[in-house]
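Only the coordinates and a few stated rules stand behind these numbers; no lab work does. Not measured: the values here are computed from a predicted model. When we count neighbours, we look across all protein chains shown, and the Cβ atoms used for this are built from the backbone with ideal geometry, even at glycine.
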Amino acid sequence: MRVFAHRGYSGKYPENTMLAFREAEKTGADGIELDVQLSKDGELVIIHDETLNRTTTGKGYVKDYTLSELKSFNASVIKGNTCAPEQIPSFEEYCEWVKDTRLVTNVELKTSIVYYPEIEEKLTEMIKVFKLEDRVIFSSFNHLSIVRMKQFLPDCPVGALVEHDDLQFAGYYCNKYGFEYYHPDSSLFTKENADNCRQYGIGVNSWTVNDLGTFERLYEWGAEGVFTNYPRILADWAHRN
């Protein structure tokens with residue numbers, strides 16, 4: 001089973017920062033999950049929330065600031081005074097770093113609340129520039145975005161994220177629309193849906209798994225991967241089994 005560091009090594013370091021990504025690689029994780037939005041000047045930036053308030057010293061929507069302005073905010077404040085200041089990374093900055101690693105990247109398009117114009121086209125261009133086509137998965141709660149990504153990069157796998165409940169007959173649904181993966185909340189995912197996904201050849205990557213009990217249950221159900229805030233613990237277990 002593959003272990004993805006959820007927003008990097010976010011259990012210990014400021015989420016979605018280059019520090020969290022670099023430290024995640026050191027744990028032996030197989031991949032990194034991150035979130036992509038667009039700045040006011042159309043640059044791809046890595047941040048989870050549509051607003052800056054929770055994770056940075058900024059206030060308001062990401063979309064209302066240029067990349068330069070976003071870089072002026074401290075993205076380490078979510079961890080209090082335990083880390084030195086970190087910037088919001090651009091996706092280009094991340095790609096420049098990750099291309100020289102073995103990591104697979106799950107890119108979540110944050111388009112459910114703010115639908116960023118041409119974000120799928122911009123991601124496609126960046127992936128091609130850094131030749132990451134064989135080491136990327138695209139996911140989104142807005143399934144129209146992953147349909148678009150399949151149009152631009154048909155050989156890159158995509159995953160359908162769901163949030164509020166387990167999507168019944170998820171395997172059938174993903175197969176019907178050409179999605180390779182189903183990405184459910186681990187607390188809501190059922191054995192019945194695991195079997196349905198296996199029936200239709202759909203891989204399961206579940207979030208957010210921070211305990212061995214849940215990890216073992218998903219392992220027994222045949223899940224392909226998990227997203228975790230604590231990649232060191234789960235990567236050690238996964239690579240021993």
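Would you mind checking K40/K110; K26/K150; K26/K128; K63/K99 for any pair whose Cα atoms are more than 20 angstrom apart? Too far apart for the 20 Å limit: K26/K150; K26/K128; K63/K99.
Full extension of the chain segment joining T190 with N142 gains 15.1 nm, where the gain is 0.36 nm per residue of separation less the Cα-Cα distance.
Volume per residue for the range 164-241 equals 85 cubic angstrom (convex hull of Cα atoms).
DSSP bridge analysis restricted to the range 2-240 gives an antiparallel fraction near 15%, rounded to the nearest 5. For K176 and E133, the difference between the fully extended length at 0.36 nm per residue and the C-alpha to C-alpha distance is 13.2 nm. Largest GNM mean-square fluctuation among Q87, Q151, Q37, using the chain with Cα springs under 10 Å: Q151. Of all the options D165, D195, D185, the one that moves most in a Gaussian network model of the chain with Cα springs shorter than 10 angstrom is D165.
Cβ-Cβ distance of K59 and I113, R₀ of 25 Å, FRET efficiency by 1/(1 + (r/R0)^6): the value works out to about 0.90.
As a proxy for reagent exposure, I202, I113 were ordered by neighbouring Cβ count within 10 angstrom, fewest first; the result is I113, I202. Cβ-Cβ distance of E224 and A84, R₀ of 25 Å, FRET efficiency by 1/(1 + (r/R0)^6): the value works out to about 0.10.
Quick one: net charge around K40, please, counting Lys, Arg +1 and Asp, Glu -1 for every other residue with C-beta under 12 Å from its C-beta. Net of charged neighbours comes to -3. Sorted fewest first by neighbouring Cβ atoms within 10 angstrom, Y200, Y181, Y13 come out as Y200, Y181, Y13.
Charge tally for I113 (other residues, Cβ to Cβ under 15 Å; Lys, Arg +1; Asp, Glu -1): -3.
Please say if the range 76-145 is rounded, prolate or oblate, where rounded means a/c under 1.5 for a ≥ b ≥ c the square roots of the C-alpha gyration tensor eigenvalues, and otherwise the choice is prolate for a/b larger than b/c and oblate otherwise? Oblate shape, in that a/c is at least 1.5 and b/c is the bigger or equal ratio. Between F91, F130, F179, the Gaussian network model of the chain with springs among Cα atoms under 10 angstrom shows the greatest mean-square fluctuation at F130.
Fewest-first ordering of F152, F227, F141 by other beta carbons within 10 Å of each residue's beta carbon gives F152, F141, F227.
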